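Take a look at the structure set out below.
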Amino acid sequence: MSEKVPFVRLDQEYRQLQSELDAAITDVLKRGRFVLDERVDEFEDRFAEYVGSTQGVGVNSGTDALFLALSALGVGDGDEVIVPSHTFRSTADAVMRNGATPVFVDVDPETYLIDPEDVRRKITDQTEAIIPVHLYGQPADMDPLLKLATQHDFAVIEDAAQAHGARYRGEPVGSMGDVACFSFYPTKNLGAYGDAGMIVTDDSDIVDSLRTLRDIGSTEKYQYERIGVNSRLDELQAAILLTKLEYLDEWNERRRWAARRYTESLTDTDVTPPTVRGDAEHVYHLYVIETDRRNELQKALEEEGVHSLIHYPVPIHEQRPYVDQFDASLPVTEQITDRILSLPMHPWITEDQIDRVVSTIHDTL
Ligand SMILES: *Cc1c(COP(=O)(O)O)cnc(C)c1O
């Protein structure tokens, strides 16, 4: 059998930047300061600037970024937060961990992004916030959502975990909501070598609150103001992320190149390539196709050594504990779950590899 086509290649990323990364890591080890120090400050500033925001607060994951963002906004008991069900689990868990209630909404059948019409229908007097997810690397349709937020006075929290560097009508994702949450999980477009996350915002009060919350509720050492958590970005990860941030645009450009090649080669097949809105600059965290013979195709790809994945196999409103508490019916979300498939996508994928994936699709469907 021919060589495998892996889903991601973090080893190749390291090889490209080995000398720079080794130097950045060694520098942290030699300085001997590992938590909330210079590299974290520098990365918070640089990343916030990169996404068009003024301040950043580094935390230990995207999951905690979402949880802490809602806490800092004061979302809690009795509040409702509108979220898509077609997303990574943490988007909804962040709401539950704050004692609030997620209100699940459906997605657009072409882009799989949160549907502003369904959002409008589900706004109540209890709605305190909405979490649009820039899923797969494509920005959510923000203008109608921001308008609803102003009309009904609720907060907008961007879940930008999959969309570092994406733009909506020219604006970087991360600059549009009241706050935005990023994950630097290793496989994201900008990834750490472990867990890491960040919240960005222009609001200094929220920043103050977040800095306290992430550090056991303290304003300075042994001065506690409230109950917090230990969720700090560490110096090693910050140094690694600072090094890699310089390459993010180049890597996103390579992802876009790969996506163009896939899409051009898939036009005369039975699969539907991703739909990109005209106002969106997609960064292809994932390249997701749709077909009514998904399981058969995934099996055929596996036999050819092509690794594909499903994002996500079960909508959140059908998972425990949500399934026992909510009886939402989300027709589009429920329908696409059986039809979507994520193909190998990363900055080091080659023409040959894309062509092998495509020819397997041609042979199977
Ligand atoms: C990855 C991801 C998260 C969670 O980030 P972690 O750093 O893995 O905790 C949240 N939301 C979305 C949409 C994600 O893709």
Quick one: count up the residues across the range 292-327 that are within 21 Å of THR87 (Cα to Cα), surrounded by 12 or more Cβ atoms within 10 Å (Cβ to Cβ) and among the acidic types (Asp, Glu).
2
Return the residue satisfying two criteria in turn: it lies in the range 222-236 and is more than 16 Å from the ligand (Cβ to nearest atom) and among the hydroxyl-bearing types (Ser, Thr, Tyr), and of such residues it is surrounded by the fewest Cβ atoms within 10 Å (Cβ to Cβ).
TYR222
Considering every residue within the range 328-335, establish whether at least one is surrounded by fewer than 20 Cβ atoms within 10 Å (Cβ to Cβ) and touching a Pro at 6+ places or on another chain (Cβ under 7 Å).
yes
Residue satisfying condition, being of a type in the set (Val, Ile, Thr) and either under 18 Å from the mean Cα position of the chain (by Cα) or within 14 Å of the ligand (Cβ to nearest atom) (or both), within set VAL103, VAL107, VAL35
VAL107
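Being buried (at least 19 other Cβ atoms within 10 Å of the Cβ) and more than 23 Å from GLU220 (Cα to Cα) is the filter here, so list the residues in the range 29-47 that pass it.
PHE47
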Those residues of the range 197-221 which are part of a loop (DSSP other than H, G, I, E, B) and within 16 Å of the ligand (Cβ to nearest atom), in sequence order:
ARG214
Look at ARG277 and say whether it is at pLDDT 95 or above, more than 28 Å from HIS311 (Cβ to Cβ) and assigned to a loop (DSSP other than H, G, I, E, B).
no
Residue selected from the range 177-196 under the condition surrounded by fewer than 20 Cβ atoms within 10 Å (Cβ to Cβ) and either more than 22 Å from the chain's Cα centre (by Cα) or among the hydroxyl-bearing types (Ser, Thr, Tyr) (or both), by the criterion farthest from the ligand (Cβ to nearest atom)
TYR193
Tell me which of these THR91 doesn't satisfy, since it passes every other one: (1) among the hydroxyl-bearing types (Ser, Thr, Tyr); (2) part of a helix (DSSP H, G or I); (3) surrounded by fewer than 21 Cβ atoms within 10 Å (Cβ to Cβ).
(3)
Take ALA163 and tell me if it is under 17 Å from VAL288 (Cα atoms), surrounded by 21 or more Cβ atoms within 10 Å (Cβ to Cβ) and either touching a residue at least 60 places away in the same chain (Cβ under 8 Å) or among the basic types (Lys, Arg) (or both).
yes
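The values are calculated or read from the model by the stated rules, or taken from the named source; none is laboratory data. Not measured: the values here are computed from a predicted model. Backbone-built Cβ (ideal geometry, glycine too); neighbour counts: all protein chains shown.
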